[in-house]
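This report refers to the structure that appears directly beneath it.
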Amino acid sequence: MITLNQGESSPYLSINSKEHKMVLKGNSFVSNPSIFFKEIMEWETAFKVAEGKKFEIEINMEYFSTSNIQFFNGFFKKFHNSNNGKIQITFFLDKEEEEDLEETMFSLLYNTGISERIEYI
């Protein structure tokens, strides 16, 4: 299990490999995401979703900087490519902030091929 606690510029991130689940919530504007998230990149390289399973990613967004969006877009693309068809992302959006976060949400998934759904909170 990997857990990164939320900081002023970093999101809460939890990966539970046994339960095939990742939770990402809060703000993400760390200055060098590839260094900050090095541990999850190493995990991603080694982890394979078990046959017959889906890996669930839950994202409760607030603010993601451009460099962090680019990092997670690459992360999701690579994760999907090595686990094709086994990744599901659910975005939890505040209905009042939907319009502001919609572009960020689609930027996070640009060209990944991952199926997504939206739930309003």
In region 98-121, anything touching a helix residue (DSSP H, G or I) at 6+ places or on another chain (Cβ under 8 Å), hydrophobic (A, V, I, L, M, F, W, C) and either in contact (Cβ under 8 Å) with a residue 60 or more places away in the chain or part of a helix (DSSP H, G or I) (or both) is listed as 108, 121
Q: Kindly establish whether residue 45 is modelled with pLDDT under 95, of a type in the set (Ser, Thr, Tyr) and open to solvent by 60 Å² or more (accessible area, probe 1.4 Å).
A: yes
Taking region 33-87 and keeping residues closer than 17 Å to residue 109 by Cα and among the acidic types (Asp, Glu) leaves 44, 56, 58, 62
Among strands (runs of 3 or more DSSP E) entirely within region 1-83, at least 1 residues that are among the acidic types (Asp, Glu) and under 10 Å from the mean Cα position of the chain (by Cα) occur in 55-64
inquiry  = Going by what's in this entry, would residue 35 be described as hydrophobic (A, V, I, L, M, F, W, C) and open to solvent by 60 Å² or more (accessible area, probe 1.4 Å)?
reply    = yes
When every residue in region 1-32 that is hydrophobic (A, V, I, L, M, F, W, C) and open to solvent by less than 20 Å² (accessible area, probe 1.4 Å) is compared, the one farthest from residue 105 (Cα to Cα) is 2
The residue that is farthest from the chain's Cα centre (by Cα), considering only those in region 84-97 that are farther than 16 Å from residue 25 by Cβ, open to solvent by 30 Å² or more (accessible area, probe 1.4 Å) and touching a residue at least 12 places away in the same chain (Cβ under 8 Å), is 95
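The values are calculated or read from the model by the stated rules, or taken from the named source; none is laboratory data. Computed from a predicted structure; not experimentally measured. Backbone-built Cβ (ideal geometry, glycine too); neighbour counts: all protein chains shown. Areas reflect the complete protein model, heavy atoms only, side chains present, ligands, DNA and RNA absent. Shrake-Rupley method; radii C 1.70, N 1.55, O 1.52, S 1.80 Å.
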